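In what follows, a single structure is set out as structure tokens and then discussed.
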Amino acid sequence: MHNIPSRPVKLRLYYLDWIRVLAFGLLLFYHIALIFVDWDFHIKNSELYNGLKLPMLFIRQWRMPLLFLISGAGSWFAIKNIRNGAFIKKRIIRLLIPLIFGFLVITPLLNYVGLLHKGATYGSYASFMENHFFHHFRWNHLWFIGYLLVYTILALPLFHYLRGTNGKKLAEKTAMFFSAKKYSLLLLVIPLFIIEYTLRDAWPDKRKLINDWYNFSFYFVTLIYGYFIASNMSIWDRIEDDRTFYFLLGAVCFIFIYTELHQSGDDFLEKSYDAGVIYKLVKSVNTLAWMFCFLGYAKQYLNFTSRPMRYANMAVYPFYILHQPVLIIIGFFAVQLDIGIFAKYILISMGTFLFIWLFFEFVIRRSRWAALFFGVKERDLTRDKAHNVISKLFVN
């Protein structure tokens, strides 16, 4: 078994597109659900439903690590055939420009609506903006883009090394080890556990880049894992072969986590900072297991593409940038309606999706400037007439 050859990845891995779209789609469910539970968020419904916390807790264990892992895999595809300078230039265009645009346009609007909901009063939006950057500045969900940009710069020397002769040999030997032994990829939990055990309690979840050593280290490691996994097909094959094991392992771990965290009151499902070594180990294994579970099942069943999927993969980045301000603005009015929680949730979900889709299709895809601000590649721009959009989307 140790002589199994390492197989380089040559073709596009369509299941990565599926995971990327589905994972970002879950963010919409998660962030809308925050309106209806007692966790901190910009706006709140007057009536809360803590039953949403169970699926939210499940998603929270692996959603961001999975997104960074997919981003690391994407970095491998983006850099493998270009020079470092070209790679950095592309990343600046795709990350830094949308991030700056988000600082100036997206987060101020988002924070403004959130403060209005909490009772703040302003003479105008302009008067709010005068003090926004000094008193109310938060980059909110755009932290993911900021961290990803910093990771790209920090990881570039490692990426460069792994593209060289010695780096390729090391990566191939490592891939052969992991691909030859069942469940051997579980060893990758060791760095995650060390970070969880040594940094989690000392550096609470703030996501402000500075003094955020737990999040910064944990997500950086998962990004490096994604880059390494993407580089060799034999690792993907091993993950696919072991997918059922990772599903069962993740289920057992999550049951343990739920049992440890389950309590009544405002801290329902939130007791974690005083947890011991066993809990932190199980939490780390749970994160890794679910990431590999989804990768394995996606490779088995989602290794295909279609016109709607290509469209969704193109649209997912603008959807991510826009989803929070849009859902919060719609939610600001929806929570004031005299309807049930489920109806409000559906209203916010449908309204958010419809507005962003229309804005993406009829503004972002038809303007080079808008595409630049939302990270859409120029080759994805279109001048199609409006009445042809739906038919072109679903006809191959």
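The values are calculated or read from the model by the stated rules, or taken from the named source; none is laboratory data. None of the values given here were measured: they were computed from a predicted structure. We place every Cβ from the backbone using ideal geometry, glycine too, and count neighbours over all the protein chains shown. Surface accessibility is based on the protein's heavy atoms, side chains included, excluding ligands, DNA and RNA. Shrake-Rupley method; radii C 1.70, N 1.55, O 1.52, S 1.80 Å.
When restricted to residues that are without any contact (Cβ under 8 Å) to a residue 40 or more places away in the chain and of a type outside the set (Gly, Ala, Ser), the stretch 60-91 contains 6.
Among the residues of the stretch 142-165, the ones that are farther than 12 Å from LEU96 by Cα and open to solvent by less than 20 Å² (accessible area, probe 1.4 Å) come to 3 in all. Any idea which residue in the stretch 183-193 is nearest to ASP241 (Cα to Cα), counting only those that are surrounded by 15 or more Cβ atoms within 10 Å (Cβ to Cβ) and hydrophobic (A, V, I, L, M, F, W, C)? Filtering first and then ranking leaves LEU185. With respect to the stated conditions, PHE36 is open to solvent by less than 10 Å² (accessible area, probe 1.4 Å), at pLDDT 90 or above and in contact with a helix residue (DSSP H, G or I) (Cβ under 8 Å, 6 or more places away or on another chain). Within the set ASP242, ASP237, the sole residue that is open to solvent by less than 10 Å² (accessible area, probe 1.4 Å) and in contact (Cβ under 8 Å) with a residue 40 or more places away in the chain turns out to be ASP242. With the condition kept exactly as written, say whether any residue in the stretch 3-11 is of a type in the set (Gly, Ala, Ser) and out of contact with any Ser or Thr (no Cβ under 6 Å at 6 or more places or on another chain). So far as the stretch 3-11 goes, no, none of its residues is of a type in the set (Gly, Ala, Ser) and out of contact with any Ser or Thr (no Cβ under 6 Å at 6 or more places or on another chain). For the stretch 358-381, filtered to residues that are among the aromatic types (Phe, Trp, Tyr) and assigned to a helix (DSSP H, G or I), the residue that is most open to solvent (accessible area, probe 1.4 Å) is TRP369.
When the test is whether a residue is modelled with pLDDT under 90, crowded, with 18+ Cβ neighbours inside 10 Å and within 22 Å of ASP242 (Cβ to Cβ), ALA180 does not pass it. May I ask you to verify whether ARG12 is at pLDDT below 90 and open to solvent by 10 Å² or more (accessible area, probe 1.4 Å)? Yes: the conditions hold for ARG12.
Counting the residues of the stretch 289-334 that are open to solvent by 10 Å² or more (accessible area, probe 1.4 Å) and of a type in the set (Gly, Ala, Ser) gives 2. Going by the conditions given, is PHE77 closer than 14 Å to ARG20 by Cβ and either open to solvent by 40 Å² or more (accessible area, probe 1.4 Å) or small (Gly, Ala, Ser) (or both)? For PHE77, the condition - closer than 14 Å to ARG20 by Cβ and either open to solvent by 40 Å² or more (accessible area, probe 1.4 Å) or small (Gly, Ala, Ser) (or both) - is met. For the stretch 205-218, the set of residues classified as over 21 Å from THR174 (Cβ atoms) and either of a type in the set (Ser, Thr, Tyr) or touching a Leu at 6+ places or on another chain (Cβ under 6 Å) (or both) consists of TRP213, TYR214, listed by residue number. Kindly check whether there is at least one residue in the stretch 294-302 that is assigned to a loop (DSSP other than H, G, I, E, B) and either modelled with pLDDT under 95 or in contact with a helix residue (DSSP H, G or I) (Cβ under 6 Å, 6 or more places away or on another chain) (or both). Checking the stretch 294-302: at least one residue is assigned to a loop (DSSP other than H, G, I, E, B) and either modelled with pLDDT under 95 or in contact with a helix residue (DSSP H, G or I) (Cβ under 6 Å, 6 or more places away or on another chain) (or both). Confirm whether ILE346 is modelled with pLDDT of 95 or more and open to solvent by less than 30 Å² (accessible area, probe 1.4 Å). Judged against the criteria, ILE346 is not a match.
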